[in-house]
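Chemist: One structure is given below, represented as structure tokens, and several questions about it will come after.
The values are calculated or read from the model by the stated rules, or taken from the named source; none is laboratory data. The structure displayed is predicted, hence computed values, not measured ones. Here the Cβ positions follow ideal geometry from the backbone for every residue, glycine too, while neighbour counts run over all protein chains shown.
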Amino acid sequence: MNWVVELVLRVVAVLAFLVLTVLFLIWLERKVLGRIQMRMGPMRTAPYGVLQPVADALKLMTKEGLRPQGADTWVYHLGPVVAVLPALLVWVTIPFTGSLVVQDMRLGAFYIVAVSGVSVVGMVMAGWSSNNKYALLGAARSAAQMISYELPLVLALLGVVMLAQSLSLGDIVAQQSPWPYLLLQPLGFALFLVAGLAELARNPFDIYHADTEIVGGPFVEYSGIRWALFFMAEYVNLFAICALASLLFLGGWKGPLLPPILWFLVKTYAFVFFIIWLRAALPRLRIDQLMTLAWRYLVPLAFANILLNAFYLYFELPAWTLSLASLALLGVAVVPLYRHWSGRAVVKARLADRVGMSKAESQA
Amino acid sequence: MIGRLDTVDMMVNMGPQHPSTHGVFRMVLTVDGERIVAAEPVIGYLHRGVEKLCENLTYRQIVPLFDRMDYLADYNNELGLALALEKLMGIQPPRRAEFIRVILCELTRITSHMMFYGSFGSDAGVTTPFIYAFRQREEVQQVLESVSGVRMMPNYIRVGGLREDVPADFSERLSKLLPKLRQGIEECDDLLTRNEIMLARSAGLAAISGKEAIAYGLSGPNLRASGVAEDIRRTQPYSIYPELEFDVPLGQNGDIWDRYCIRLEEMRQSVKIVEQCLEKMPDGPTMAEMPKALRPPPGEVYVCAENPRGDFGVYLVSQGGDKPYRLKVRAPSFCNLMVLERLLKGCYVADCVLVLGSLDIVLGEVDR
């Protein structure tokens, strides 16, 4: 009986933590974005606008939940639930510290991958059932994007699992001493980050939101609490990917001086900040460019990464060889990618910008 | 054995209420997946019948209506009307007025292009350039405000000169503003121009050759982006433009990226023009000797001027009264919009907003 109570308490604690985190993330995003754009961000609700997300949440909860005519009622109502549940379920096995975890599973990494894969179904349900063409385009995009990027994401994660010889996140962190896997797996880290960004649909991959084209994608018809659920799912996912990045590649809660939980939060929020920063800095890719990136570059690279790890493990090579090889492969990958995107354009820029701007003959 | 799946093209309606159609503009896209098969622009949601209204107003009452056409280039519109009437009536505005007119028009060009720059960034999916552009724009806007007292619809450039002289600290404020503005333009340039994703999205896309651009009646930056050296300020000079030194930037490929670069470069050139004008600006009156009522002699006149969006033409027919018999406006936005259908074909849905943004239309002028 005791363990049931304890489990319930743990679940409630994590849920409470996640809700608070979502509120904080919304505030943080608006503040950081504001500062980067020379604005103050929210300032009116409480000092520094800290209560702004609370006000937003209250507003959303009191709003009328509209359902468009011709929408598929059941699917429409189920969509947000299917999207938000996996986002929350993932947290069952994400450890904050060695002991602060709902349930460390032996198959933790596998569980996370399996559960988070479901959320795309929620998106597609939402987009399909809304009876709206923008939503449909958004749903098609989200399916394409999330399924394509799940592959490199999982394969990058697999590299770490190979090194740690375990699928348990607790073990993976424990294995990262003295050096975090970032040093052993720079390529894997880069792959995880890019694929994670795409999985989250954050800039520059916010293709199925695309406010300026399909005005919010699958969620365009949702309002009130249902929309808030999608919103919450996104931020919980954001935090989950950042937490995973810090656990898998930066040694999670490990670090000198500070208490473990603080180390975990510091590392995770570093990623959060990075992602917000990207949102302020980068335009959006197009869907075909996104797919090219995934299938032509990320997936082969992820396989190469696994091969590297396999060689390293099989021949029991010294650790630095893996670091070097991984770094070299990353370099080899980035250069042609850069060419692919901007090689011709860069040459053109050099020609046309300033120097080539020719002076029209004055006929006066 | 599974044969080819039968697919149906989907119609997607964009606008007139859509966050990125730059006004109440509507596009009916036929899409095959993400590809645009056909695009049909629908206009008229902002039609107010300005040209017809003008026929029932005296010449001085027309000026505010011209402000409301291309509301991002109000001074330029006013200048177009003033030029037409001055040509018909044979009036020579005082030199000081001419200089101030050019300064105001070039400043408006900068604010207009800043607006383009900001919304272009938003169209591409990044919001930061918009804020940066608007900081610059605001500084210019404040100077313009100090001149006419309002931020939009100034009703300041009149037939025969200006409503009144500029405030005493005008030159001082302006000379303080210009270096800042120059720096701000470079800042904007650094922020977006050579961004890899920006290039991937815009370079080589929706390109149009110079020949085709002429055939479609493009003008202004959109035409020059295709490499055609056609700038009314140079080819059919008006006001004091022949005395001023400035380059006409030309693009090479006529793609989205070129259209964007041209406008950035034009802002630099506009700053240069304003600097020269400040240097050479003489003292004196700002209004010519004018009759009480404007009664141009019977006849017709066509004048064009270089607006931020292109060739702004005013065709005026007078029958000798105090009202025009017919006033026709060649609105550059309207003419530039004609090419949209051709540019959009074969693009992705994601591109359509960017293509539209790169043409830089103002709906007030398209519909009039």
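Chemist: Run B:Leu223 past the list (1) of a type outside the set (S, T, N, Q); (2) surrounded by 24 or more Cβ atoms within 10 Å (Cβ to Cβ); (3) at the interface with another protein chain (Cβ under 9 Å from one of its Cβ atoms) and report the number of the one that doesn't hold.
Modeler: Exception for B:Leu223: condition (3).
Chemist: I'd like the full set of residues that are touching a residue at least 24 places away in the same chain (Cβ under 8 Å) and either touching a Gly at 6+ places or on another chain (Cβ under 8 Å) or facing another protein chain (nearest Cβ under 7 Å) (or both), limited to segment A:201-211.
Modeler: Residues satisfying the conditions are A:Asn203, A:Pro204, A:Asp206, A:Tyr208, A:His209, A:Ala210.
Chemist: Just a yes or no: is a residue in segment B:165-187 in a loop (DSSP other than H, G, I, E, B) and surrounded by 18 or more Cβ atoms within 10 Å (Cβ to Cβ)? Don't jump to the end; show me each part of the working.
Modeler: Within segment B:165-187, the subset in a loop (DSSP other than H, G, I, E, B) is B:165-169.
Going one step further and asking which of them are surrounded by 18 or more Cβ atoms within 10 Å (Cβ to Cβ), we end up with B:166.
Scanning segment B:165-187 turns up at least one residue that is in a loop (DSSP other than H, G, I, E, B) and surrounded by 18 or more Cβ atoms within 10 Å (Cβ to Cβ).
Chemist: Given the residues A:Ala114, A:Ala109, which is the only one that is without any contact (Cβ under 8 Å) to a residue 24 or more places away in the chain and out of contact with any strand residue (DSSP E or B) (no Cβ under 6 Å at 6 or more places or on another chain)?
Modeler: A:Ala114
Chemist: Next question, about the same structure. Go through segment A:133-160 and give me each residue that's crowded, with 21+ Cβ neighbours inside 10 Å, of a type in the set (A, V, I, L, M, F, W, C), more than 14 Å from A:Val121 (Cα to Cα) and away from every other protein chain (no Cβ under 13 Å).
Modeler: A:Leu153, A:Leu155, A:Ala156, A:Leu157, A:Val160
Chemist: Now for a separate question. Could you list all residues from segment A:64-93 that are within 16 Å of A:Tyr235 (Cβ to Cβ) and among the small types (Gly, Ala, Ser)? Quick ask: steps written out before the conclusion?
Modeler: Taking segment A:64-93 and keeping what is within 16 Å of A:Tyr235 (Cβ to Cβ), we get A:80, A:83-91.
Answer for segment A:64-93, where residues must be within 16 Å of A:Tyr235 (Cβ to Cβ) and among the small types (Gly, Ala, Ser): A:Ala83, A:Ala87.
Chemist: Do you know which residues across segment B:170-209 are within 18 Å of B:Leu359 (Cα to Cα) and among the hydrophobic types (A, V, I, L, M, F, W, C)?
Modeler: Step one: of segment B:170-209, the residues within 18 Å of B:Leu359 (Cα to Cα) are B:192-193, B:198-199, B:201-209.
The answer is B:Leu192, B:Met198, B:Leu199, B:Ala203, B:Leu205, B:Ala206, B:Ala207, B:Ile208.
Chemist: Here is a follow-up. Within segment B:267-313, restricting attention to residues that are within 28 Å of B:Ile62 (Cβ to Cβ) and of a type in the set (Asp, Glu), which residue is farthest from the chain's Cα centre (by Cα)? So that I can check it myself, show each step before the final result.
Modeler: In the first step, residues of segment B:267-313 are kept if they are within 28 Å of B:Ile62 (Cβ to Cβ); the result is B:270, B:273-274, B:277, B:281, B:284-313.
Narrowing further to those that are of a type in the set (Asp, Glu): B:289, B:300, B:306, B:311.
Numbers: B:Glu289: 31, B:Glu300: 25, B:Glu306: 8, B:Asp311: 9 Å.
My answer is B:Glu289.
Chemist: Ok, one more. How about segment B:251-263: which of its residues are under 21 Å from B:Met114 (Cβ atoms) and at the interface with chain A (Cβ under 9 Å from one of its Cβ atoms)? Before the answer, list the steps.
Modeler: Applying the first criterion (under 21 Å from B:Met114 (Cβ atoms)) to segment B:251-263 yields B:251, B:256-263.
Answer for segment B:251-263, where residues must be under 21 Å from B:Met114 (Cβ atoms) and at the interface with chain A (Cβ under 9 Å from one of its Cβ atoms): B:Gly251, B:Trp257, B:Asp258, B:Cys261, B:Ile262.
Let's see how each residue does on (1) of a type in the set (Lys, Arg); (2) within 14 Å of chain B (Cβ to nearest Cβ):
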{"residue": "A:Lys254", "(1), (2)": "yes, no"}
{"residue": "A:Ala281", "(1), (2)": "no, yes"}
{"residue": "A:Glu316", "(1), (2)": "no, no"}
{"residue": "A:Ser323", "(1), (2)": "no, no"}
{"residue": "A:Leu330", "(1), (2)": "no, no"}
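Chemist: If you don't mind, there's one more thing I want to ask. Hey, does segment A:262-285 have a residue that's more than 16 Å from the chain's Cα centre (by Cα) and on the phi > 0 side of the Ramachandran plot?
Modeler: The answer is no, given that none of the residues of segment A:262-285 is more than 16 Å from the chain's Cα centre (by Cα) and on the phi > 0 side of the Ramachandran plot.
Chemist: Next question, about the same structure. On the given criteria, is A:Ala198 within 24 Å of A:Trp277 (Cα to Cα), crowded, with 22+ Cβ neighbours inside 10 Å, within 14 Å of the chain's Cα centre (by Cα) and within 14 Å of chain B (Cβ to nearest Cβ)? Show your work before the answer.
Modeler: On the way: within 24 Å of A:Trp277 (Cα to Cα): yes; crowded, with 22+ Cβ neighbours inside 10 Å: yes; within 14 Å of the chain's Cα centre (by Cα): yes; within 14 Å of chain B (Cβ to nearest Cβ): yes.
So A:Ala198 passes the test.
Chemist: Another question about this same structure. Considering only segment B:291-303, state which residues are crowded, with 17+ Cβ neighbours inside 10 Å and at pLDDT 90 or above.
Modeler: So the first thing to find is which residues in segment B:291-303 are crowded, with 17+ Cβ neighbours inside 10 Å, and the list is B:294, B:296, B:301, B:303.
Matches in segment B:291-303: B:Val301, B:Val303.
Chemist: Shifting gears a bit: Go through (1) in contact with a Lys or Arg (Cβ under 8 Å, 6 or more places away or on another chain); (2) farther than 25 Å from B:Leu104 by Cβ; (3) surrounded by fewer than 20 Cβ atoms within 10 Å (Cβ to Cβ); (4) not polar (S, T, N, Q) for B:Asp247 and report which single condition fails.
Modeler: (2)
Chemist: Looking only at segment A:252-278, count every residue that is within 30 Å of B:Gly125 (Cβ to Cβ) and in contact with a Lys or Arg (Cβ under 9 Å, 6 or more places away or on another chain) and tell me the total.
Modeler: Result for segment A:252-278: 3.
Chemist: The conditions are (1) surrounded by fewer than 23 Cβ atoms within 10 Å (Cβ to Cβ); (2) over 24 Å from A:Asp206 (Cα atoms); (3) in contact (Cβ under 8 Å) with a residue 40 or more places away in the chain, and B:Cys347 fails exactly one of them. Which is it?
Modeler: The one condition B:Cys347 does not meet is (2).
Chemist: Considering only segment B:197-220, state which residues are more than 10 Å from every other protein chain (Cβ to nearest Cβ) and within 16 Å of B:Ile262 (Cα to Cα). Give the steps one after another, and end with the answer.
Modeler: Keep residues of segment B:197-220 that are more than 10 Å from every other protein chain (Cβ to nearest Cβ), which gives B:206-220.
Selection gives B:Ala206, B:Ala207, B:Ile208, B:Ser209, B:Gly210, B:Ala213, B:Leu218, B:Ser219, B:Gly220.
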